[in-house]
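Chemist: What follows is a structure written as structure tokens; I'll ask about it next.
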Amino acid sequence: MDDFKVIRNAIPADEIKILNEYAIQITKHKKNVSFSKDPDFLNTPSFYLDPMMTLYQKKHVWKLIEKEMGIKILPTYNYWRAYKPGDILKKHKDRDACEVSATINIGGNKEWPIFIKDTSGKEHKIILYPGDMLVYNGCECEHWREQFDGKYCNQVFYHFVDVSSRRVISAFDNGKNVAEFR
């Protein structure tokens, strides 16, 4: 697999508008909201295995990544956040369950670049527009975002493992999410 690939309009405009409105309504009405325990995102609404996002992972994103990246993958989990002013995503690499990761811009009021350092050490600044997806090797490529100075930014993260890698044991987030992906 390549270190990363940007897929423009991975989710069609009419569908991404629905997902963004869904995210806004869920956040606004505090339905099924959990707040991150990560000190960098205190009071930032976050959602693990949200049913709507899981549906997109199963029915669309999984197949699209396999086609675009030329690999066979199994899902581990998904997660979305409603980022707020001042949030920063520190430089990091992901855990084994995030070997093949994707982030999709669901919507927001301002561009918020993501930076990725490929395995050769070159840094890339990537702007994702609503519906765009960045697929990357989350365990090998360091990635981050600088401080967000907009009002809101909804991002969903889809995580997978390559069926031919040693990380395949992390499929379904180490087996705990098998039912969600049937």
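Values in this text are rule-based calculations from the coordinates and carry no lab data. Note that the structure is a prediction, hence the values are computed from the model and not measured. Please note: Cβ atoms are built from the backbone with ideal geometry, for glycine as well, and neighbour counts cover all protein chains shown.
Chemist: Using modelled backbone amide H atoms (1.01 Å from N, in-plane), which distant-in-sequence or interchain residues come within less than 5 Å of residue 155's amide H?
Modeler: Hits under the 5 Å cutoff: 81, 83, 106.
Chemist: Would the stretch 116-182 count as rounded, prolate or oblate if I go by the C-alpha gyration tensor, calling it rounded below 1.5 in a/c and otherwise prolate when a/b exceeds b/c, oblate otherwise? Please report the intermediate quantities before stating the final value.
Modeler: Details: a/c = 2.69, a/b = 1.42, b/c = 1.90.
Oblate shape, in that a/c is at least 1.5 and b/c is the bigger or equal ratio.
Chemist: What full-extension length gain, to one decimal in nm, is calculated for residue 165 and residue 140 as 0.36 nm per residue of separation minus the Cα-Cα distance?
Modeler: On the way: separation 25, 0.36 × 25 = 9.00 nm, distance 1.32 nm.
Extra length available between residue 165 and residue 140 comes to 7.7 nm.
Chemist: Here's a follow-up. Based on C-alpha coordinates, I'd like the Rg and Dmax of the chain, in Å.
Modeler: Computed over the Cα atoms of the chain, radius of gyration and Dmax are 15.2, 44 Å.
Chemist: With each run of n ≥ 4 DSSP H residues scored as -39500 (n - 2.57), what mean residue ellipticity at 222 nm is computed for the chain after dividing by its residue count and rounding to the nearest 500 deg cm²/dmol?
Modeler: Numbers: 4 runs with 34 residues, N = 182.
Roughly -5000 deg cm²/dmol at 222 nm, from the helical runs in the chain.
Chemist: Oh, and also: May I ask you to derive the relative contact order of the stretch 66-182, considering only C-alpha pairs under 8 Å and at least 6 residues apart, and to give it as an integer percent?
Modeler: Working: 271 pairs, mean separation 49.8, N = 117.
Relative contact order, the stretch 66-182: 43 percent.
Chemist: Next question. Which order do 89, 49 fall in if you start with the one that has the fewest other Cβ atoms within 10 Å? It would help to have the intermediate numbers written out before the result.
Modeler: Values: 89 21, 49 16.
Ascending Cβ contact count within 10 Å gives the list 49, 89.
Chemist: Once amide H atoms are placed 1.01 Å from N in the peptide plane, what residues at a sequence separation of 5 or more from residue 50, or on another chain, have their amide H within under 5 Å of its amide H?
Modeler: Amide H to amide H, under 5 Å and 5 or more residues apart or across chains, residue 50 pairs with 80.
Chemist: Which residue, 157, 48, 141, has the largest displacement toward the positive end of the dipole of the chain when charges sit on each Cβ (Lys, Arg +1; Asp, Glu -1)?
Modeler: 48
Chemist: Between residue 84 and residue 49, what length in nm is gained on full extension when 0.36 nm per residue of separation is reduced by their alpha carbon distance? Before the final figure, lay out the partial values.
Modeler: Values: separation 35, 0.36 × 35 = 12.60 nm, distance 2.05 nm.
Difference between extended and current length: 10.5 nm.
Chemist: Going by amide H atoms built from the backbone, whose H comes under 5 Å of the H on residue 2, apart from near neighbours?
Modeler: Residues meeting the criterion, in which the H sits 1.01 Å from N, do not exist here.
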